[in-house]
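The values are calculated or read from the model by the stated rules, or taken from the named source; none is laboratory data. Owing to the predicted nature of the structure, the values given are computational and were not obtained by experimental measurement. Cβ sites come from the backbone with ideal geometry, for glycine too, and all protein chains shown count toward neighbours.
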Amino acid sequence: MFRLMLALLCASLLAGCFSFGGAPVSYNAYVQRAGMYLASSDVDNSCISPKLKTMLGSFERKFGRKVVLNSGYRDPIRNILAGGQDSSYHMKCMAADIFIPGVSKRDLIAFAMKNAQVGGLGCYPGHNYIHVDVRDRPRGRGKPVLFSGC
C-alpha cells in the first residue's frame, strides 16, 4: 500500500498537480515571441545575444519561473525615447530590463549581485523591473557595475 501511495504522489508531482513555492503564476497577460515572454508587443527580442539568453536562463533556473522582458533590443531612436545612454547595451543586443511574476525585485537584485554572468545592473526605483546586461566586468571586480538606483 505504501508503494502505491508513493507512486501516486510521484505521478501527481510530475504531472504538476501540486505546486510548491507560492501561488501559481499566469503568463496570459504577456506576449510570447521566440520562446520568450514580453511585457508588450513593443518589446523587441529579435537580437538577444546568446550570452544574454544564457544569463536570463540562470534567473529562470534559480526562481523556477520564466523571465518577462520589459525592454530588450533598442534601435537608436527607441533608445533616445526610452531615455537610454548613448552607449546603451540595449543597442548592442546585450541588455534587457526584466521581471519575474511572483518574484520580488529585491530577490532579483540579490541574485543579480551574486551572478557572475551579470556585468551591469540597474535597479530603477519605482518600477518592478531591473536592468541586466552582459558587459565584461572590470578586472578584479566581484560584482556587476551598478547604476540607476542600486
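Where residues in region 57-67 are basic (Lys, Arg) and part of a helix (DSSP H, G or I), which of them is surrounded by the fewest Cβ atoms within 10 Å (Cβ to Cβ)? It would help to see each step written out before you state the result.
Taking region 57-67 as the starting set, the residues that turn out to be basic (Lys, Arg) are 61-62, 65-66.
Add one more test, that the residue is part of a helix (DSSP H, G or I), and what stays is 61-62.
Details: Arg61: 9, Lys62: 15.
For region 57-67, the residue satisfying everything is Arg61.
Any idea which residue in region 104-150 is nearest to Glu60 (Cα to Cα), counting only those that are polar (S, T, N, Q) and touching a strand residue (DSSP E or B) at 6+ places or on another chain (Cβ under 6 Å)?
Of all residues in region 104-150, those polar (S, T, N, Q) come to 104, 115, 117, 128, 148.
Of the ones still in play, those that are also touching a strand residue (DSSP E or B) at 6+ places or on another chain (Cβ under 6 Å) are 128, 148.
Working: Asn128: 17, Ser148: 23 Å.
It comes out as Asn128.
Restricting to region 115-150, and then to whatever is of a type in the set (D, E, K, R) and touching a residue at least 12 places away in the same chain (Cβ under 8 Å), can you tell me which residue is farthest from Gly72 (Cα to Cα)? Can you show your working first?
First pass over region 115-150, keeping only residues of a type in the set (D, E, K, R): 133, 135-137, 139, 141, 143.
Next, from what is left, pick out any that are touching a residue at least 12 places away in the same chain (Cβ under 8 Å): 133, 135-137, 143.
On the way: Asp133: 10, Arg135: 15, Asp136: 18, Arg137: 20, Lys143: 22 Å.
Out of the qualifying residues, it is Lys143.
A quick yes/no check of all residues on (1) surrounded by fewer than 18 Cβ atoms within 10 Å (Cβ to Cβ); (2) modelled with pLDDT under 95; (3) within 19 Å of the chain's Cα centre (by Cα); (4) not in a loop (DSSP other than H, G, I, E, B):
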| residue | (1), (2), (3), (4) |
| --- | --- |
| Met5 | yes, yes, no, yes |
| Ser12 | yes, yes, no, yes |
| Gly21 | yes, yes, yes, no |
| Val25 | yes, yes, yes, no |
| Gln32 | yes, no, yes, yes |
| Ser40 | yes, no, yes, no |
| Ile48 | no, no, yes, no |
| Met55 | no, no, yes, yes |
| Ile80 | yes, no, no, yes |
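Taking region 95-150 as the region of interest, the strands (runs of 3 or more DSSP E) fully inside it that hold 1 or more residues being touching a helix residue (DSSP H, G or I) at 6+ places or on another chain (Cβ under 7 Å) and modelled with pLDDT of 95 or more are 95-99, 120-122, 130-133.
Tell me, please, whether a residue that is surrounded by fewer than 21 Cβ atoms within 10 Å (Cβ to Cβ) and within 12 Å of the chain's Cα centre (by Cα) can be found in region 89-100. Checked region 89-100: at least one residue is surrounded by fewer than 21 Cβ atoms within 10 Å (Cβ to Cβ) and within 12 Å of the chain's Cα centre (by Cα).
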